[in-house]
Structures are given as C-alpha cells and as structure tokens.
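Below: the structure, in structure tokens.
The values are calculated or read from the model by the stated rules, or taken from the named source; none is laboratory data. What you see is a predicted model; the values in this text were computed from it and never measured. A quick note on method: Cβ atoms are made from the backbone with ideal geometry, for glycine too, and the neighbour counts reach across all protein chains shown. Just the protein is used for accessible areas: all its heavy atoms, side chains included, with ligands, DNA and RNA removed. Shrake-Rupley method; radii C 1.70, N 1.55, O 1.52, S 1.80 Å.
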Amino acid sequence: MIRPILIAGFGLAILSACAPSIDQRPVYATSQAGDALLRRQIAAVLTEHGVHTAAIGVLRDGKLVFEHYHGDAGGAPANAETRFDVASITKTVAAETLLRMVADGKIDLDEPLYRYWIDPDIAGDARHRLLTPRLILTHRSGFPNWRFLRPGGKLAFERDPGSGYGYSGEGFNYLWRAIERKQGASFPALADRYLFKPLGIRNARLTVDHADQQNVALGIDEKGKRYDPGCRPGFCWKDGEWSAAGGMLITLRDYARILSAVGDHTGYGTQLALERDRIVTDRGDESVVDCSLSLTTCPEAEGYGLGFVVVDQGKRRAIGHEGGDWSQLTLAYMHLPSRDGIVIFLNVPMVRGVTPMRDLVRLLDPTSPYVSRFEKWASEARGRPTIIH
C-alpha cells in the first residue's frame, strides 16, 4: 500500500494524499523559469551541507538535458570539464567493457578464470577453479570486499563461489587481472579500446597519476585538506596502478555518454542486454529499497545483474550504480524503457554527503527507488558511520 508522504527540503514542503506514481517521469527543467528554480534549489542543498564540488545531470530519452556545477576544482569554478572520482561507479565501466568484449568473442561469461590467473593467496584453495566472469560481475565470487579488511591482509574465500551475495571490489580486480593475461593488454587499455574511444571519451582516467590535477575535484577531508588523485589520509596508490572497482576520474558529460549507451545497449545488442539486466543476486540488507520502511513502495524484484544494480518496479526498471568512498558520494542510474535518468557526483566527506544526496534525488526524481535508499542511510549515518558501495 502507498501511504501519505511528506516531502520536505530545500525550502519546499509538499503534503500529498498519496506518494507519486512510479508511472511519472522524473522532474526536469522544461523552461527558463523552471531551470532557474531548479538551480536555486540544488545550490541551496549543496551549500547547506557544505558540499565542496558537485556535478548534477539529468537525462531524458538518453540525452543530457540539464547540467549543474558547484564549487571549485583546482582553484577554478567547477565546469563541464571537471573530472570527479566516481568511486564504485567505476565498476560499471569494467562491466560495460567486458560486455563489449563478450560480444566481440574475446571472452565468455562462463569460462574459468584460473586458465589465465590465480592469485597467490588462494592458489592452495581449489575453489579458485570455480571463478567465472559471470559470478564476479554478479558479486558471487565468495571474496571479501577488500583483502586489507581481513586479518593478515590476505585474500581468501569467505564463502563458496556462487553460493551467495558478497559485494567485492577484489572480485572485479581479480576478473580484470585474468582478462589482462588472456588478452595481453591492460584493463585501462581495453576500456579505452572497447568503450571510451567508441563513445568519444578522451579525458577519463583509470590509472593513478598524482600529477594529473588539472580540473579535478580533489578529495578533501573534514579539516579542508586536499589530496592528490589516488590518495587519501594515510595512503596513496602508486602512479600507474589501476582498479576496476573504483577510483576512475571522469566528467559528468562523459559518464552521461556511458549511461546513454547502457540504455540503448550500444556495443553488444539486445540479447546480451537482457542478460545484463536479469536480476541474479539478492543483495539482502543492502537492497536499494528496504520494504520494511513505512513510506516505501516495494519493487517487484531488485538485485545485481551483470555489473549493475537493477530495480524492477513493474512498468519500469532502474539500472545503475552508486559509489561512496572517504571523500566521494556518487550515483548514476537510468530508467528503462524511457532512458530517463540522473547522474550526481558529490565531492564531500562521504557520510556528510548522504543527506544532500537524498535531497537531490528527491528533488530530481521523486519516485526514484533511491529516495528510500538514501533516506535509510541518512538515518543510519546520524547514529554510526555508513558503508556505501
């Protein structure tokens, strides 16, 4: 049952007899006056919560129809050329690149990866022979999120591959180490060949380069200290290192190109897109919509497809990903079949970004399943640190 809902924020208060229908399209600026109002509302949210740098975009029918930039990057105002660290949204680039390689016959979703790569930490565990691209893309590798979170810092299986959900950045890196060895080319080179160049993307960066700071929204801590790309308090990746699970630098416009291609499955066709969007993995407590909340319309199904979070709301599906790290909070998704969507990149200490992210999603797309997602996180963040993938 859809219950009465109170939407409050950005100086607005709307009391309705029922929640908005999911048949409605997201809210867009459709006139000069509407555009100006939307910009004022967005600016109020970002300023109130101390967001340092931000890029917000709205897509309609796969086209970027609205952009808003906030704050500064490298001493200059943020703009369309500003690149953001998008955290785990990087995984969608890893997935999109792989799907194009599958369509090109370079790799099979179900081939064993041990033929090409075995991490030394698990060489003595025969379960490494079960790992496939499909299991890893649907977060059923059995790995932890990161090995450094385990005692001793070594990679190990926490469950049998294929036996259940376990979000894992390690899995994505494992997958691409194997593909690199099979193809004789690095993950960044393959992403450039199969995804970036075909879409006309020239300035995205997957490898760490501490000197590449021009028009970059640098990470910033609670004391206002800025960090080089690839760095965080107490740690820096080495120049030239990469991750298929996080850390990509990209502009709003370039990621909108990728999201648009996801919507019309450019590069691999309808049949593989249906495989991509088939919900395989139940995320349990990490689901986008917590159906126990009182102000929630429960989706028909939700979980992971091939590298993407999919929320099936019956007449439409949301496909996308969110990302959160120490100084980033990001979200990008598209509704299908309409190909309407939003992209939000926030450069702010992560936990502090949860509430403005909720307010921005609510403003741009009030029937979005992610309103519930970030409302729950905002409530949790008031009591303890929030973990966002």
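Listing for the model above:
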{"quantity": "Yes/no for Arg193 being assigned to a helix (DSSP H, G or I), more than 23 Å from Glu302 (Cβ to Cβ), open to solvent by 70 Å² or more (accessible area, probe 1.4 Å) and touching a residue at least 12 places away in the same chain (Cβ under 8 Å)", "calculated": "no"}
{"quantity": "Qualifying residue in the stretch 89-112 (condition: in contact with a Ser or Thr (Cβ under 9 Å, 6 or more places away or on another chain), hydroxyl-bearing (Ser, Thr, Tyr) and open to solvent by 10 Å² or more (accessible area, probe 1.4 Å))", "calculated": "no"}
{"quantity": "Looking only at the stretch 232-277, and only at residues there that are open to solvent by less than 20 Å² (accessible area, probe 1.4 Å) and part of a strand (DSSP E or B), the one that is nearest to Gly341 (Cα to Cα)", "calculated": "Ile250"}
{"quantity": "Residues that are without any contact (Cβ under 8 Å) to a residue 60 or more places away in the chain, under 20 Å from the mean Cα position of the chain (by Cα) and outside any loop (DSSP other than H, G, I, E, B), drawn from the stretch 211-231", "calculated": "Cys231"}
{"quantity": "Condition met for Val288 (open to solvent by less than 20 Å² (accessible area, probe 1.4 Å), modelled with pLDDT under 95 and at negative phi)", "calculated": "yes"}
{"quantity": "Matching residues, the stretch 318-343, being among the polar types (S, T, N, Q) and crowded, with 24+ Cβ neighbours inside 10 Å", "calculated": "Ser327, Gln328, Thr330"}
{"quantity": "Complete set of residues in the stretch 68-87 that are touching a His at 6+ places or on another chain (Cβ under 8 Å) and surrounded by 23 or more Cβ atoms within 10 Å (Cβ to Cβ)", "calculated": "Ala78"}
{"quantity": "Only listed residue being open to solvent by less than 20 Å² (accessible area, probe 1.4 Å) and either under 30 Å from His49 (Cβ atoms) or not hydroxyl-bearing (Ser, Thr, Tyr) (or both), chosen from Leu199, Leu175", "calculated": "Leu175"}
{"quantity": "Of residues in the stretch 125-174 being free of Cβ contacts under 8 Å to residues at least 60 places away in the same chain and among the aliphatic types (A, V, I, L, M), the one nearest to Leu98 (Cα to Cα)", "calculated": "Ile136"}
{"quantity": "Elements of type strands (runs of 3 or more DSSP E) contained in the stretch 281-367, each with 3 or more residues being touching a Leu at 6+ places or on another chain (Cβ under 9 Å)", "calculated": "317-325, 328-336, 340-347"}
